[in-house]
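Okay, structure first, notes after.
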Amino acid sequence: MDHVLDPELAAVARGLPKMDLSDLASARETEQLLVMQLPKYDERIALTVQDVVVSAGQHGADVAVRVYAPAERPTLAPALLYLHGGAYVMGGLAMSDFTARLLVERAHITVVAVDYRLAPEHPYPAGLEDSYAALRWAVDNGAAFGIDPTRLGVLGESAGGGLAAALALLTRDRRGPRLAAQFLDAPTVDDRLDTPSMAMLVDTPMWQAVNSPYSWGYYLEGTAEPGSVDVPIYAAPARAAVADLAGLPPAFVTAYQIDPTRDEGLDYAHKLIQAGVPTEVHHYAGAFHLSHVIPGTAIAGRMMADRIEAIRRLLPA
């Protein structure tokens, strides 16, 4: 099947390497090389960047977070918990750096990037519990960093989007800190891998459908077989019934046309809408998975502008 990419993105896509998650060590090496090539964000305001170790309490190991904030800020300001992508098995704080700095400058917020544990060494629910611990820390201790706990949202990209969706469910059900908004960017939320986009969009830039079974297999190791009835909704939020989604925070969901994960994100947004959750959906024609990260393209600039506008609206300064 032919895919019509945005011309600027098509030019970039030809140089993107493909990863093979069947060889996880090699895939991680490729990911590290890509991260090293990411541009540095040239901010126009002074920022403070602080590393903090958060206690995960009874749920496991301590969690490293990195707090990005404007050097000059009001006493308390809105903030985002930022969960990076990486198929549940890759990524870290270095992957988050460019976007975190951009969001601080342009959205006028504080960003708390979370270095959650990765599968298969730390399968579900490790990454989710780390995210919850970071959220609790931001609410309980964030005032020292200028964070207003009543204006705290979560942003996740790809696997991080799946974690963000799960975190919204988990914190509601545990009666934990109340999130003001959830920003789900190409969220991977469905282990069943039975959507049309997963079947039809095979050889696509940035993310290939062949890797999705490996991603879910690593993440769910020791919990359930991917695709089985035993997979919990906190691992794969798409499994939640519409009634299970009522009362979640307002959502901003992003999907990309040339992306195997496209339909699971759109389907999840539709269920949120049916559940009465205020939900805005942006689907970008001609774009591939997470192509907002590609610098210097008009469509990526538009994607990021849309995200910034949504953050300012849902987490007002």
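Using the average count of surrounding beta-carbon atoms within 10 Å as a protection proxy, the listed peptides 248-254, 25-31 rank, highest first, as 248-254, 25-31. Summarising the amide proton neighbourhood of residue 54: residues at separation of 5 or more, or on other chains, whose placed amide H is nearer than 5 Å comprise 63, 64, 65. Once the Cβ-Cβ distance of residue 274 and residue 221 is raised to the sixth power relative to R0 = 25 Å, the FRET efficiency obtained is 0.20. Dividing the summed -39500 (n - 2.57) terms of all DSSP H runs of n ≥ 4 by the residue count of the chain sets its mean residue ellipticity at 222 nm at -10500 deg cm²/dmol.
Taking Lys and Arg as +1 and Asp and Glu as -1, the other residues whose beta-carbon sits under 12 Å from that of residue 266 total -3. Among the GluC sites (Glu not before Pro) in the stretch 59-142, those placed in a DSSP loop whose Cβ has at most 16 other Cβ atoms within 10 Å are 72, 121. The shape of the chain comes out rounded: with a ≥ b ≥ c from the C-alpha gyration tensor, a/c is under 1.5. Residues of the stretch 159-183 with the amide nitrogen closer than 17 Å to a label point 7 Å from the Cα of residue 150, along Cα-to-Cβ, please. Only 177-181 fall inside the zone, counting backbone N under 17 Å. Fully extending the segment from residue 75 to residue 313 would add 83.7 nm, taking 0.36 nm per residue of separation and subtracting the current Cα-Cα distance. Close amide H contacts of residue 256 (hydrogens built in the peptide plane, cut-off under 5 Å, sequence separation of 5 or more or a different chain): 284. With both labels modelled 7 Å from their Cα along Cα-to-Cβ, the residue 202 to residue 14 distance reads 2.4 nm. Put simply, when 267-280, 84-97, 210-223 are sorted by average Cβ atoms within 10 angstrom per residue, most first, you get 84-97, 210-223, 267-280.
Every number here is computed from the coordinates shown, using simple stated rules; none is lab data. Predicted model only: the values in this text are computed from it and were never measured. Counting neighbours? That spans all protein chains shown, and the Cβs are built from the backbone with ideal geometry, glycine included.
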